[in-house]
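Remarks on the structure that follows.
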Amino acid sequence: IDGAPLSTEGQIIIEEKQSKPNGEVNIIQYIRGNFLGKGGFAKCYEFTRVKDKIIFAGKLIAKSTLTKTRARQKLLSEIKIHRSLVHRHIVGFEHFFEDCENVYILLELCKSQSMNELLRRRKRLHELEVQCYTVQMISALKYMHAHKVIHRDLKLGNLFLNDKMEVKIGDFGLATKLEFDGDRKRTICGTPNYIAPEILEGKTGHSYEVDIWSLGVIIYTLLIGKPPFETQDVKTTYTKIKKNQYSFPEQIKVSKQSKSLVASILQLDPAQRPSLDEILNHEFFRIGQSIPKHLPSSTLACPPSENYIRQF
Ligand SMILES: CC[C@@H]1C(=O)N(C)c2cnc(-c3ccc[nH]3)nc2N1C1CCCC1
């Protein structure tokens, strides 16, 4: 029966029907594999393209959830923005298509999942690892901002890691593209984590600086193990953000360079925050950069801290 999921040996086959200009129909088959989890409105699975066995991370969004125009516009905006970005530290956007029931988005598979899972396992990361991941994130943010795109929802769960432990920024569901230089956005939907104070104030609009703020929150979270303004309820968290109330716990040893970097970024006034280039020039990125006697020949982009000789 047309439209019913095909299955051979119990595998679910998803078919994409591409109609070509000459009227022919091109059929591309995918095998729907392991369930990866839920992401917003999407159910996520491994998708293996039958013809070349390449495996993607697929988001499957039921069209029935897209009746409200807002959800529809959000999805179209996510696709339009994400597919326009190609960068080593941005999740690869492979393809999207639809059938009678669903919309499918095929993305780069990131086998080591996200920074959420990494931090859950490791509790907190060593400064040298945070240095390494931050340089990768800044490289992606410079590219995004140069293309007038603001992500607006940078959080650990949107920082994916491939098998070489390279960071890939994903989930452009709350991203926006500025129309012209100086353009400012006023509305934001959804409940983005690590939200910048100017978005909460909602007075003067917001721009690229909201991503810089989120980067500061991410750096603090990776070093300490939990976000700086986290409380048990959202309203208290928002109050702490607006009052810039955060501190470094005594029991966790963090260098003065780390504290100074976070403090320079987490400024209430967006104009006071450093640019991405100014962040890269901070002394934090010079810790432990003396040439070690030897480093393991691991293929990881950011080798775990125990691989480094203690830099005393
Ligand atoms: C497809 C949605 C989202 C995502 O955007 N990417 C890029 C991704 C890549 N690999 C993975 C992945 C590979 C192996 C496990 N997860 N997961 C991704 N996710 C997860 C799926 C469930 C919640 C967010």
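The values are calculated or read from the model by the stated rules, or taken from the named source; none is laboratory data. For clarity, every value in this text was computed on a predicted model and none was experimentally measured. Every residue, glycine among them, receives a Cβ derived from its backbone with ideal geometry; neighbour counts consider all protein chains shown.
Working only within segment 89-111, note down all residues that are surrounded by fewer than 18 Cβ atoms within 10 Å (Cβ to Cβ) and closer than 14 Å to residue 163 by Cα.
Matches in segment 89-111: 108, 111.
Might you check whether a residue that is under 29 Å from residue 259 (Cβ atoms), touching a helix residue (DSSP H, G or I) at 6+ places or on another chain (Cβ under 6 Å), at pLDDT 95 or above and within 16 Å of the ligand (Cβ to nearest atom) occurs anywhere in segment 138-146?
no
In segment 94-110, what residues are in contact with a strand residue (DSSP E or B) (Cβ under 6 Å, 6 or more places away or on another chain) and either part of a strand (DSSP E or B) or over 22 Å from residue 141 (Cβ atoms) (or both)?
Passing the criteria: 94, 95, 96, 97, 102, 103, 104, 105, 106, 107, 109.
When both residues are 6+ apart or on different chains and their Cβ atoms are under 6 Å apart, which pairs have a first residue that lies in segment 219-243 and is without any contact (Cβ under 8 Å) to a residue 40 or more places away in the chain and assigned to a helix (DSSP H, G or I), and a second that is surrounded by fewer than 15 Cβ atoms within 10 Å (Cβ to Cβ) and not aromatic (Phe, Trp, Tyr)?
If the second residue must be surrounded by fewer than 15 Cβ atoms within 10 Å (Cβ to Cβ) and not aromatic (Phe, Trp, Tyr), the pairs left are 237/231.
Kindly indicate the residue of segment 116-171 that is aliphatic (A, V, I, L, M) and assigned to a loop (DSSP other than H, G, I, E, B) and also farthest from the chain's Cα centre (by Cα) among those meeting that condition.
125
Which of the residues that make up segment 83-114 are more than 12 Å from the ligand (Cβ to nearest atom) and of a type in the set (Asp, Glu)?
Selection gives 98, 99, 101.
Somewhere in segment 169-186, is a residue farther than 30 Å from residue 88 by Cα, surrounded by 14 or more Cβ atoms within 10 Å (Cβ to Cβ) and either aromatic (Phe, Trp, Tyr) or modelled with pLDDT of 95 or more (or both)?
Checked segment 169-186: no residue is farther than 30 Å from residue 88 by Cα, surrounded by 14 or more Cβ atoms within 10 Å (Cβ to Cβ) and either aromatic (Phe, Trp, Tyr) or modelled with pLDDT of 95 or more (or both).
If you check 59, 68, 43, 63, which single one turns out to be within 13 Å of the ligand (Cβ to nearest atom) and more than 17 Å from the chain's Cα centre (by Cα)?
43
Tell me whether segment 266-288 contains one or more residues that are at pLDDT below 95 and more than 30 Å from residue 197 (Cβ to Cβ).
yes
Is it the case, given these coordinates, that residue 43 is in contact with a strand residue (DSSP E or B) (Cβ under 8 Å, 6 or more places away or on another chain), under 30 Å from residue 220 (Cβ atoms) and either at pLDDT below 95 or part of a strand (DSSP E or B) (or both)?
When the stated conditions are applied, residue 43 does not pass them.
Can you spot a residue in segment 72-81 that is among the polar types (S, T, N, Q), buried (at least 21 other Cβ atoms within 10 Å of the Cβ) and under 21 Å from residue 195 (Cα atoms)?
No: segment 72-81 contains no residue that is among the polar types (S, T, N, Q), buried (at least 21 other Cβ atoms within 10 Å of the Cβ) and under 21 Å from residue 195 (Cα atoms).
Would it be correct to say that residue 252 is of a type in the set (A, V, I, L, M) and surrounded by 20 or more Cβ atoms within 10 Å (Cβ to Cβ)?
Spelling it out, it is not the case that residue 252 is of a type in the set (A, V, I, L, M) and surrounded by 20 or more Cβ atoms within 10 Å (Cβ to Cβ).
Going by the structure shown, is residue 79 within 16 Å of the ligand (Cβ to nearest atom) and β-branched (Val, Ile, Thr)?
Here the answer is yes, as residue 79 does meet what is asked.
In segment 232-249, which residue that is of a type outside the set (Lys, Arg) and within 24 Å of residue 151 (Cβ to Cβ) is surrounded by the most Cβ atoms within 10 Å (Cβ to Cβ)?
My answer is 241.
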